[in-house]
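Participant: First the structure, which I've put down as structure tokens, then a few questions once you've had a look.
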Amino acid sequence: MTTRRRTTVASALVAGLALSAVGLTAGAAVGHPGNGHGHGHDKGTELRVATYNASLNRATEGELVADLSTPDDAQAATIAEVLQRTRPDVVLLNEFDYVPGREAVDLFRDNYLEVGQSGATPIEYRYAYVAPSNTGVPSGFDLNDDGTVGGGDDAFGFGAFEGQYGMVVLSRYPIDTRGVRTFQDFLWKDMPGALLPDDPATPEPADWFTDEELDVVRLSSKSHWDVPVRVGRETVHVLASHPTPPTFDGPEDRNGRRNHDEIRFWSDYVTPGKTSRYIYDDDGHRGGLRPSESFVVLGDQNADPLDGDSVEAAIDQLLDNRRIQDPAPTSGGAVEAAALQGGANTTHRGDPALDTADFADTAPGNLRADYVLPSRDLRVRDTGVFWPEQADPLSRLTGVYPFPSSDHRLVWLDLTLR
């Protein structure tokens, strides 16, 4: 275990705050705002924020810890190099299995991030936030109506074990742990006008779940986190989540509807007044963000504005929110991939430059699934998707199927705080 001073927090842990004094060298693929020779803490106004579905999930409990316990896991090393090349100050990693006691996060920092990968400069994230996920947590009910109780489909969120497909926030700036809010236990039925799934075999509406099931079914397939990050004198609320894929169900469309409402949750949360009044966190506190608070919505939302299987306009709930701006990051690699792979990509209505995920060419094709969406009071300096074209030497980090890293691409955003 490293002896460097740093803080990893879980949902019940409150730690002291200290400013990081780590230096920064600009990444080879994506330069950091400023002159590239320092982190920018002297101004306290520049921030690079990213989201990355890193696919660091494993098939069995304990496997991720085993893989990260040595510096020899090729996928973890590739994910680490992507982070070292892009150098976000704050990053949400989706599909990073939750391990109680923060062991997996510490191992990833010790053995991969803080070790230079293939000539890249090591990166230190002194602060991290981890907390339990609904994935794999037994509900005790037959939620998929297959006649048996148990397994991933009957868990509060799909997973073969508790914490599979979890997430972690890494930060080079202090996390205000006392201000963190989690919404793991929020019940789906408690969202006004929830798009609850319907059993098409009956005349009654929204009746896929029984009353007893609705009393326990949670909205979040993983969790929703509001993680305040202190940047100098300012605070930016990192709103982290990973809605369920809108597939792997039946005509009741329970996953598509849940994806829609998981996305809606953040749109309601950042809207002051009556819209967010219904929301309660895991400590019982109600309401959403205040109008004066800055935020960035991060995560693999599993929804494209025009293509794929999500409920129509699901992601538009965020993109069209008056408090949110969409910088619409692009990459040349996504355009190239859509053209080379063909298949479903040839029928897409969306601009392939906006794609962030390299999915099966038969269906659904490549999609825009991952988002970094800041509040309108934050100035966007630059943005992009780490998807190099094949002629770029760093395209080895993204590759083609079977991917050396993930089927998703890191999405980044450079901000100037007010």
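Participant: Counting only the backbone N, which residues of segment 313-330 are under 20 Å from the spot 7 Å out from the Cα of residue 292 toward its beta-carbon?
Facilitator: Output list for this probe position: 323-324.
Participant: Placing +1 at every Lys and Arg Cβ and -1 at every Asp and Glu Cβ, with all other atoms neutral, what dipole size does segment 7-416 have around its Cα centre, in debye to the nearest 20?
Facilitator: Dipole size: approximately 2160 debye.
Participant: Work through the residues other than residue 229 whose Cβ is under 11 Å from its Cβ and net out their charges, Lys, Arg +1 and Asp, Glu -1.
Facilitator: -2
Participant: So, one more: I'd like the orientation of helix 254-269 relative to the chain: the angle between its Cα long axis and the longest Cα principal axis, in ° from 0 to 90, rounded to 10.
Facilitator: Rounded to the nearest ten degrees, it is 60.
Participant: Can you list the residues, at least 5 places off or on another chain, whose amide H is less than 5 Å from the amide H of residue 389, using H built in the peptide plane?
Facilitator: 333
Participant: Tally Lys/Arg at +1 and Asp/Glu at -1 over every other residue whose Cβ is under 13 Å from the Cβ of residue 180; what's the total?
Facilitator: Net local charge, residue 180 excluded: -2.
Participant: Helix 332-341 versus the longest principal axis of the chain: what angle, 0 to 90°, nearest 10, using Cα atoms?
Facilitator: Computed tilt is about 50 degrees.
Participant: Calculate how steeply helix 74-86 sits against the longest principal axis of the alpha-carbon atoms of the chain, using the helix alpha-carbon long axis, and give the answer as 0 to 90 degrees to the nearest 10.
Facilitator: With rounding to tens, the tilt is 70 degrees.
Participant: Show me 123-134, 338-349 ranked by packing, highest mean number of other Cβ atoms within 10 Å first.
Facilitator: Sorting 123-134, 338-349 by mean packing, highest first, produces 123-134, 338-349.
Participant: I would also like to ask the following. For the chain, build the charge dipole from Cβ charges (+1 Lys, Arg; -1 Asp, Glu) around the Cα centre, then report which of 71, 263, 408 sits farthest towards its positive end.
Facilitator: 71
Each value in this text was obtained by applying a stated rule to the coordinates, not by laboratory testing. On a predicted model such as this, the values are computed, not experimentally measured, just so you know. Methodologically, a virtual Cβ is constructed for each residue, glycine included, from the backbone with ideal geometry; neighbour enumeration extends over all protein chains shown.
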